[in-house]
Ligand code: AMP
């Protein structure tokens, strides 16, 4: 078993600059950009720059510096979009889909940050 990373996935291509993106934040180890098909007024994807397939892959193999950078980047995006709780925002949801049961479409770790409206139940069913 183990993690097989496909370096032709669309987020790898974004990181290489082969495909444009609507960047909202870039840090040393992370990139945040707007989802191309937003499902809420705020819908931002945050990805590590490293080649990780899923959250569990990242948690297992990323350096402490990458993990700290990524975690902070997610918080910074929430603050930047004024949905964070620290400055009186209305809140948000962070989702990371993985694998077949998670219906992951792009095999490069990403969290979705969703906000700007009441988001409804956590799962459709
Ligand atoms: P997931 O099902 O969690 O893998 O979600 C993949 C997400 O990537 C979807 O919400 C897509 O709308 C989004 N997406 C796919 N291609 C792009 C792109 N080129 N730029 C921004 N978002 C994208």
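Only the coordinates and a few stated rules stand behind these numbers; no lab work does. What you see is a predicted model, and the numbers here were worked out from it, not measured in a lab. Cβ atoms come from the backbone with ideal geometry, glycine included; neighbour counts cover every protein chain shown.
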Handout entry: For the chain: Kirkwood Rh in Å [reciprocal of mean 1/r, alpha carbons]
Key = 15.0
Completion exercise
segment 106-120 scanned against label point 7 Å out from residue 87 along Cα→C-beta; backbone N under 15 Å for 116
Practice task
Write down, largest first, the equivalent ellipsoid semi-axes of segment 52-106 in whole Å, where each equals the square root of 5 times an eigenvalue of the alpha-carbon gyration tensor.
Solution key: 24, 16, 7
Fill in the blank from the handout: Rounded to the nearest 10 degrees, the helix 64-80 long axis (Cα) sits at an angle to the longest Cα principal axis of the chain of 30
Fill in the blank from the handout: Nearest-0.05 FRET efficiency for residue 64 and residue 124 at R0 = 41 Å, using Cβ-Cβ distance, is 0.70
Practice task
Quickly rank 49-59, 26-36, 63-73 as a protection proxy: mean count of other C-beta atoms within 10 Å, highest first.
Solution key: 49-59, 26-36, 63-73
Handout entry: Mean separation of Cα contacts under 8 Å, 6 or more apart, over the residue count of the chain: relative contact order %
Key = 29
